[in-house]
Amino acid sequence: MTIKEKGYTHWDGELKDGRFPWWPITRFGIKLTFKRKFFKFLFALTLLPALVWLVGIYISERLEDFSFMVRGDQTDFLNVNPSYFNTYFTNDFLLFMMIMILVFCGAGLISDDLKHNALQLYFARPLKKQDYLFGKAAVIFFFLFILTLVPGLIFILMKLIFAGNFKFINSYPWLPLSIIVYSTLLTSFFALYTLLLSSVGKNRRYVAILIFGIYIFSDIFYGIFYGIFRSQYFSLLSIKVNLQQVGAVLFNQRTPQNVPWLYSLLIILGICVLSGLFLNKKVKGVEIIK
Amino acid sequence: MTAVIQTQNLSKWYGNVLGLSDVTLQIEPGITGILGPNGAGKSTFLKLITGQIKPNIGRVMIHGQNVWNNYAMFAQIGFCPEQDSFYEELTGWQFLTNLLKLHHFSPEDINAKAEIALDIVELTKDKDRVIRSYSRGMRQRLKVGQAIAHDPNIIILDEPLNGLDPLGRRKIIRLIKEYKGEGRMIVVSSHVLPEIEAMTNRIILIHQGKVFAQGDIHYIRDLIETHPHIVSIKCSQSRLLAEKFIGYDYVLKVHFDLQKKSLLVETNNRDKFFSLLPSLFIDNNIEVEEITSPDDNLQAVFDYLIGK
């Protein structure tokens, strides 16, 4: 219905179809993260393991050129197999650096919006709550996929290029799928974990401490309880160990703890589901009652 | 005229707190003022009609369509919230363009629309300054700017004049009136009657979550006229002035506030009383320091109207 026309010239541009309504939120989040002090340096540092593993793949195909570096039996040296990938994806340094990335890119994702009352502006626009949350999660997906999925697939590609044949992929045809599934699981878990914590406070520093603290303390508590009770079941308290357990299964390796890996998977999925439910309840247009 | 916004038995509560209760009304094109004291339910009402919160009972229709979960409808609505909602480290330009991106306009349109909006709210010169450095008035204008930038047909402004100096108020009021002239529908809330009066003569009174009265401002004015008003006058010769007031039948009471050193006069005809004042001051050579109406606020009027 036309309300009134009194000389007002309507905008005659074309309204774009909003197929990816979450994308402006993601782009804004990525841009803001790169603006943060030291982030570029930190991110470059996080890519260091990928570089080392890549060099390892190169050396593995040119062992004769590097034989001067190896003493004794060369057969086990730099054997690129699923264990090599598992070590990359589940090593403590990479997981720790991911947490550091989350501290920088994820702590303020929702807490800054809460602090600045920005939710009411978002939700006064053609944007669903799911789009908002997905847009925020996609910021984390962007950074963590660069550290997991992308290097994982590049490793395989480089292995094939350096080897000059398809022997590797013929031996482990399931490996690309393992990389995709593990990267997605790891990234989804960290995305929901970070968004959950980001939605509990308005202060990004407080949220950053929570993201870091919960990860670290979950491992410390495991160490303490294991020291007292000598039961590996306490490893289920540790976020890191749960991820490593599932990672080992997906890469067809022995699990580091003598605990059914299914428990670890259930804990990871449970945290994801609870985080999703909490976020759905928590994120809404803010109502202030005076 | 056909109503653009219709609400039916609209109710919202937060736990035990009643936000809005059984509001059924129709809002027509033009400017409509939502008037009510703090905590009356104005913001709740505005958030319900912008589809930001879900009613517990009832529904809101805009152009005959239910608003709740109707995201396409939000493209037609511009909402200016009461609280500041800024990323302080962004510039005014970045703030506006980032919000426009959520409407899926092309990059050229985003720039064009942001330019127009900043021009309308007179912030073009300051568009590249970070919001942290903006004055209160500039922030309010930027908030109004983000509400109008995407060319909405319906503009909802929640207390847009809050905390502004007189010049800032005048600018926003002029802007709102100009927008009405362009054929938009504007709903504006305030707890200050003269602010609403300066923008529109069509108002809805909300009190304790209920629509108390709806209609022309003159109707409300008539209600208020029957309500005795207290006027405080700080002047050089308050006793002489008190003596002069006694002779007028619309002056009901006169007493002295020793603490504030002012004269408090109660009248049941505010217009006559205020038109009398200049001549009294001039004829008796009285120097006036300040004239205020301590109860010239909505809460006092509401208290009076509901018989408190």
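Restricting the search to strands (runs of 3 or more DSSP E) fully inside segment B:147-239 and requiring at least 2 residues that are more than 13 Å from every other protein chain (Cβ to nearest Cβ) and modelled with pLDDT under 85 gives B:210-216, B:229-235. The set of residues in segment B:51-73 being open to solvent by 20 Å² or more (accessible area, probe 1.4 Å), more than 10 Å from every other protein chain (Cβ to nearest Cβ) and assigned to a loop (DSSP other than H, G, I, E, B) consists of B:Pro55, B:Asn56, B:Trp68. For segment B:267-284, the condition of being surrounded by 15 or more Cβ atoms within 10 Å (Cβ to Cβ), part of a strand (DSSP E or B), polar (S, T, N, Q) and in the same structural domain as B:Gly39 (by TED's automatic domain parsing) holds for none of the residues.
The residues listed here are A:Ile161, A:Ile214, A:Ile228, A:Ile209; of these, the one that is assigned to a helix (DSSP H, G or I), aliphatic (A, V, I, L, M), more than 26 Å from A:Ile59 (Cβ to Cβ) and modelled with pLDDT under 95 is A:Ile228. Every listed requirement among (1) open to solvent by less than 10 Å² (accessible area, probe 1.4 Å); (2) modelled with pLDDT under 95; (3) more than 9 Å from chain B (Cβ to nearest Cβ) is met by A:Ile99 save one, (2). Checking each residue in segment A:231-285 for being surrounded by fewer than 18 Cβ atoms within 10 Å (Cβ to Cβ) and within 14 Å of chain B (Cβ to nearest Cβ) picks out A:Asn280, A:Lys281, A:Lys284.
Quick check, is A:Gly223 assigned to a loop (DSSP other than H, G, I, E, B), farther than 30 Å from A:Ile169 by Cβ and touching a Ser or Thr at 6+ places or on another chain (Cβ under 9 Å)? So A:Gly223 does not fit the description; no.
When every residue of segment A:126-149 is checked against the conditions, at least one turns out to be outside any helix (DSSP H, G or I) and more than 14 Å from every other protein chain (Cβ to nearest Cβ).
Restricting to segment B:98-124, count the residues that are away from chain A (no Cβ under 11 Å), open to solvent by 30 Å² or more (accessible area, probe 1.4 Å) and in contact with a Lys or Arg (Cβ under 7 Å, 6 or more places away or on another chain). Number satisfying all stated conditions: 1.
Condition check ((1) under 19 Å from B:Pro81 (Cα atoms); (2) hydroxyl-bearing (Ser, Thr, Tyr); (3) open to solvent by less than 10 Å² (accessible area, probe 1.4 Å)) across all residues:
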{"residue": "B:Met185", "(1), (2), (3)": "yes, no, yes"}
{"residue": "B:Ser189", "(1), (2), (3)": "yes, yes, yes"}
{"residue": "B:Leu193", "(1), (2), (3)": "no, no, no"}
{"residue": "B:Met199", "(1), (2), (3)": "yes, no, no"}
{"residue": "B:Ile204", "(1), (2), (3)": "yes, no, yes"}
{"residue": "B:Gln208", "(1), (2), (3)": "no, no, no"}
{"residue": "B:Phe212", "(1), (2), (3)": "no, no, no"}
{"residue": "B:Asp216", "(1), (2), (3)": "no, no, no"}
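I'd like to verify a number: residues in segment B:74-89 that are open to solvent by 10 Å² or more (accessible area, probe 1.4 Å) and more than 7 Å from every other protein chain (Cβ to nearest Cβ), how many? Residues in segment B:74-89 being open to solvent by 10 Å² or more (accessible area, probe 1.4 Å) and more than 7 Å from every other protein chain (Cβ to nearest Cβ): 4 in total.
The values are calculated or read from the model by the stated rules, or taken from the named source; none is laboratory data. What you are looking at is a predicted structure, and each value in this text was computed from that prediction instead of being measured. Don't worry about glycine lacking a Cβ; one is built from the backbone with ideal geometry, like all the others, and counts go over all protein chains shown. For accessibility, only protein heavy atoms count, side chains too; no ligands or nucleic acids. Shrake-Rupley method; radii C 1.70, N 1.55, O 1.52, S 1.80 Å.
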